[in-house]
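Everything below concerns the one structure shown next.
The values are calculated or read from the model by the stated rules, or taken from the named source; none is laboratory data. Remember, it's a predicted structure, so these values are computed and weren't measured experimentally. Cβ placement follows ideal geometry from the backbone for every residue including glycine, while neighbour counts extend to all protein chains displayed.
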Amino acid sequence: MIQSMTGYGKAEQQTENKKFIVELRSLNSKNIDLKTRIPSVYREKEIEIRKLINKHLERGKIDFSLNIENLVDVNQNTINKNVLVDYLNQLKSINPNVDDTVLMSACLRLPDVLKQEKEVLDEQEWENLKKTIKEAIDKIIEYRKDEGKSIEKDLLTRIKHIRKYLNEINTFDQGRIEKIKEKLREAVNQLQINVDENRFEQELIYYLEKYDINEEKVRLNNHLDYFEKELTSNRTAKGKKLGFISQEMGREINTMGSKSNDSSMQQLVVGMKDELEKIKEQVLNSL
C-alpha cells in the first residue's frame, strides 16, 4: 500500500499537574526534513525524538511540536535571602530614614534577588511522553495510508488511460507504415525518372525504420506493468522508484510522438503525456 507524504497526527497526555500536546504535520519532500519545537526542559531529548520520528516516517517535510500546559500554578522563583539582606543593609547605610517597605520593594527589583529554579526532567514523565509521541506518529501514519488509498486509485486509473491510448495507437499504427511507403512511391513516380528498385527498397527500409515505434510500444507496455506491480507491492516507501519508472515511460511516449508522423497518433500521444504529468504529480506526494 502506497502512502502519501501529507499527513497530520495529534496525541495528548494529562497528569495531575500537566497536559502534554504532541502534534505532527508533514508535506512532500525529496528527503526527510524535520523541524522541532520543544520546551527547554526536553531539549536534551531532542536527538532521541528525532530518531524516533525518522525511524517511522522516513520521508517528508515534517513539523513536530510539543506543548506543555501547567494545570497547577507553580512558583518557580525563589528569593536569594543573602543577596536581599545585603542590598537592604547597603541602602539603609546610605539613608537610614527610608521606610523598610519602600526599601524592600526597591530591593526586589535589583539583580540576583529573585532566581528562577530550573525545572528538572522527570524520567518517568519522559517515558510516558515517548508513548504519546509514538501515538501521534501512529496517527499520522494512518492519515498517510488513507491519503495513499486515494493516490493509488488515481494512479491505477491514469495507467489504465495510458493503456487505452496505447491500444488506439496500435490500431492507427497497423496501416501507417504502408501509407508512408505509398506516399514515397508516389513521390518517386511523379519525378518520372528511372530508379534502381533494389537501391530504392534499401533506402525505403532505412527511411521507414525511423518511423517504426514497435520497440517503444513494447517498452512502454513493460513500464506500465512494472509501475502497477511496484504500486501494489508490500513495500512502504516506493515513491522514488515510481518516479524513476514514470521518467522511463515519458521517454518512450516522447519518442513515439516524434516518430509518429501522423496527426491522429500525435493527439493520442498528447493524451498519454497529460495522464503521465498527473501521475508524476501524485508520485511526488507519495512516500
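General observations
- If the condition is being farther than 16 Å from Leu121 by Cβ and among the hydroxyl-bearing types (Ser, Thr, Tyr), then region 37-67 contributes only Ser65.
- Tally of residues being without any contact (Cβ under 8 Å) to a residue 60 or more places away in the chain and either of a type in the set (S, T, N, Q) or closer than 30 Å to Lys240 by Cβ (or both) across region 10-24: 2
- A single member of Arg25, Arg50 is surrounded by 15 or more Cβ atoms within 10 Å (Cβ to Cβ), within 13 Å of Ile133 (Cα to Cα) and either under 13 Å from the mean Cα position of the chain (by Cα) or among the aromatic types (Phe, Trp, Tyr) (or both), and it is Arg25.
Every residue, every condition in (1) of a type in the set (Lys, Arg); (2) surrounded by fewer than 20 Cβ atoms within 10 Å (Cβ to Cβ); (3) part of a loop (DSSP other than H, G, I, E, B), yes or no:
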| residue | (1), (2), (3) |
| --- | --- |
| Tyr226 | no, yes, no |
| Thr255 | no, yes, no |
| Lys259 | yes, yes, no |
| Val269 | no, no, no |
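- Qualifying position, being of a type in the set (A, V, I, L, M) and either modelled with pLDDT of 70 or more or touching a Phe, Trp or Tyr at 6+ places or on another chain (Cβ under 9 Å) (or both), among Ile205, Ile162, Ile193: Ile162
- Checking each residue in region 109-139 for being at pLDDT 75 or above and of a type in the set (A, V, I, L, M, F, W, C) picks out Leu110, Leu121, Trp126, Leu129, Ile133, Ala136, Ile137.
- Condition check for Ile68 on (1) touching a strand residue (DSSP E or B) at 6+ places or on another chain (Cβ under 8 Å); (2) β-branched (Val, Ile, Thr); (3) closer than 26 Å to Val113 by Cβ: one failure, at (3).
- Checking each residue in region 140-149 for being over 16 Å from Leu57 (Cβ atoms) and either in contact with a Ser or Thr (Cβ under 8 Å, 6 or more places away or on another chain) or modelled with pLDDT of 95 or more (or both) picks out no residue at all.
- For region 182-190, the condition holds for no residue, the condition being that it is within 30 Å of Asn28 (Cβ to Cβ) and modelled with pLDDT under 75.
- Some residue of region 82-92 being loosely packed, with under 12 Cβ neighbours inside 10 Å and in a strand (DSSP E or B): no
- For first residues located in region 228-249 and farther than 22 Å from Tyr165 by Cα and touching a residue at least 40 places away in the same chain (Cβ under 8 Å), partners that are not β-branched (Val, Ile, Thr) and not in a helix (DSSP H, G or I) and lie 6+ apart or on another chain with Cβ distances below 6 Å form the pairs Ala237/Glu58; Ala237/Leu287; Gly239/Ser286; Gly239/Leu287.
- Comparison of Lys115, Lys61, Lys30 shows that the only residue that is farther than 28 Å from Gln14 by Cα, of a type in the set (Lys, Arg), in contact with a Ser or Thr (Cβ under 9 Å, 6 or more places away or on another chain) and surrounded by fewer than 15 Cβ atoms within 10 Å (Cβ to Cβ) is Lys115.
- In the set (1) at pLDDT below 95; (2) assigned by TED's automatic domain parsing to the domain that holds Asp262; (3) among the acidic types (Asp, Glu), Asp154 fails one condition alone, (1).
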